[in-house]
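Okay, so here's the structure we're looking at.
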Amino acid sequence: MLQQTRTGTVIPYYERWMRAFPAVEALAAADLSAVLKAWEGLGYYSRARNLHAAAKVVSAQLGGRLPEAPEGLRRLPGIGRYTANAIASIAFGRDVPVVDGNVSRVLARLLAIEEDITAKATQDRLWALAGEFLPPGKAATWNPALMEFGARVCTPRKPACPSCPISRWCAAGAAGTPEAYPRRRRRQIPRVEAAVGVIRRGDRVFVQRRPPSGFLGGLWEFPGGKRRPGETLRACLRRELAEEVGFCGTIGRRIMTNQHGYSMFQVTLHAYECVWRGAAPRPKALEWRWAGPGELEDLAFPAANRRLIESLRRRARGGARGVTRR
């Protein structure tokens, strides 16, 4: 959970997760829908899917016990070099280094590394350096201490250089430019526009589930998609709905626009009120339903869709308050 997410955000999720899945066997036995719902809001949902898959392997094939060596850990779904070494060193005391964002920043400043921090050659160098600095027999305390040092002292902005215990050896600090490190190549984040339809049939709305693998795999969503060059938002939505669900009906007014950032792109999402008429849906999705207001709460949605649901709920409450009962 702490990969890509701040500690303050993670804590309530972790506590709820442990109540729901107190042991690896409980996680392995859980339905993926329940796992994704417990993860909803943390993003990077492949982490939850991989954790679920790894629990199944550990429970069914390894007697409920994690391997202690990094090599065995890396054979589990979703566990790479960093996670394997973190588990092996912190949980089992193995003398292996870790390099996360905090450690990368500390080492880059300590040695004033000029190369792009995201380049493979630079990452390989950082891993080698972390291994050289690791005191034998101390990995279980050294590795978390080094990560915590980066989080609390050698911070991305306004590092605490005056009170830093290793400032005398820090090349970036001596040069007076600690915030210039680590160096990284700046990349342009693509921006896209998308339109989705809140398709109503009575008091229910149409939702569909994304394929289990890939981007936002296993999550539910309102149908729609990206706008093509030269296409209006309404034309985009009508095309997407026709392709995805065989939509027959009317597209009404726009009810919400919100922006959301993913790791690889930013999206502006436009939601339109739609009414289903005519023939039955012909959805491409393997799983879909007409969901009532209560059902939407039980399904796991991406953050942008969840904000749309919250907006719909507020609108419904506002409408209910405006009704005069006789």
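The values are calculated or read from the model by the stated rules, or taken from the named source; none is laboratory data. Since we're looking at a predicted model, the values are computed, not measured. No Cβ is skipped: glycine too gets one built from the backbone with ideal geometry, and neighbour counts run over all protein chains shown.
Out of (1) part of a helix (DSSP H, G or I); (2) closer than 26 Å to Arg6 by Cα; (3) not hydrophobic (A, V, I, L, M, F, W, C), the odd one out for Gln188 is which?
(1)
So Arg185 fits all but one of (1) at pLDDT 90 or above; (2) touching a Ser or Thr at 6+ places or on another chain (Cβ under 8 Å); what number is the exception?
Going through the list (1) at pLDDT 90 or above; (2) touching a Ser or Thr at 6+ places or on another chain (Cβ under 8 Å), Arg185 breaks only (1).
Could you identify the single residue in Ala54, Ala69, Ala23, Ala60 that is touching a residue at least 24 places away in the same chain (Cβ under 8 Å) and in contact with a Pro (Cβ under 6 Å, 6 or more places away or on another chain)?
Every option except Ala54 fails the conditions.
Please go through the stretch 252-271 and give me each residue that is out of contact with any helix residue (DSSP H, G or I) (no Cβ under 6 Å at 6 or more places or on another chain) and either surrounded by 14 or more Cβ atoms within 10 Å (Cβ to Cβ) or assigned to a strand (DSSP E or B) (or both), ordered by number.
The answer is Gly252, Arg253, Arg254, Ile255, Thr257, Gln259, Gly261, Tyr262, Gln266, Val267, Thr268.
Can you name every residue in the stretch 54-70 that is over 14 Å from Ala23 (Cα atoms) and outside any loop (DSSP other than H, G, I, E, B)?
Within the stretch 54-70, Gln61, Pro70 qualify.
List pairs: first residue in the stretch 237-253 and on the phi > 0 side of the Ramachandran plot, second residue surrounded by fewer than 17 Cβ atoms within 10 Å (Cβ to Cβ) anywhere in the structure, Cβ distance under 8 angstrom, at least six positions apart or on different chains.
The qualifying pairs are Gly246/Ala279; Gly246/Arg282; Gly249/Val275; Gly249/Arg277; Gly249/Gly278.
Residues checked against (1) crowded, with 17+ Cβ neighbours inside 10 Å; (2) of a type in the set (A, V, I, L, M):
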site	(1), (2)
Ile79	yes, yes
Asn85	yes, no
Phe92	no, no
Pro97	yes, no
Gly101	no, no
Arg105	yes, no
Gln123	no, no
Leu129	yes, yes
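How many of the residues making up the stretch 221-251 are closer than 16 Å to Arg191 by Cβ and in a strand (DSSP E or B)?
Number of matching residues: 2.
Out of curiosity, is Pro97 without any contact (Cβ under 8 Å) to a residue 12 or more places away in the chain and in contact with a Leu (Cβ under 7 Å, 6 or more places away or on another chain)?
No.
Does Ile11 fit the bill of being surrounded by fewer than 19 Cβ atoms within 10 Å (Cβ to Cβ), outside any loop (DSSP other than H, G, I, E, B), in contact (Cβ under 8 Å) with a residue 40 or more places away in the chain and not assigned by TED's automatic domain parsing to the domain that holds Phe265?
No; evaluated as a whole, the condition is false for this residue.
I need the full set of residues from the stretch 1-19 which are of a type in the set (Lys, Arg) and either touching a strand residue (DSSP E or B) at 6+ places or on another chain (Cβ under 7 Å) or within 16 Å of His52 (Cβ to Cβ) (or both), in order please.
Hit for the stretch 1-19 is Arg16, nothing else.
I'm trying to understand the selection: among the residues of the stretch 71-96, which are in a helix (DSSP H, G or I) and either under 22 Å from Lys120 (Cβ atoms) or among the aliphatic types (A, V, I, L, M) (or both)?
Within the stretch 71-96, Glu71, Leu73, Arg81, Tyr82, Thr83, Ala84, Asn85, Ala86, Ile87, Ala88, Ile90, Ala91 qualify.
Counting just the residues of the stretch 1-27 that are β-branched (Val, Ile, Thr) and more than 17 Å from Arg306 (Cβ to Cβ), which one comes out farthest from the chain's Cα centre (by Cα)?
Val24
Can you tell me which residue in the stretch 28-59 is farthest from the chain's Cα centre (by Cα), limited to those that are of a type outside the set (Asp, Glu) and over 29 Å from Gly261 (Cβ atoms)?
It comes out as Ser59.
Given the criteria in a strand (DSSP E or B) and either at pLDDT 95 or above or crowded, with 21+ Cβ neighbours inside 10 Å (or both), does Ile199 qualify?
When the stated conditions are applied, Ile199 passes them.
Look through Arg313, Arg282 and report the one residue that is farther than 13 Å from Pro223 by Cβ, of a type in the set (Lys, Arg), modelled with pLDDT under 90 and assigned by TED's automatic domain parsing to the domain that holds Thr250.
Of Arg313, Arg282, the one residue that is farther than 13 Å from Pro223 by Cβ, of a type in the set (Lys, Arg), modelled with pLDDT under 90 and assigned by TED's automatic domain parsing to the domain that holds Thr250 is Arg313.
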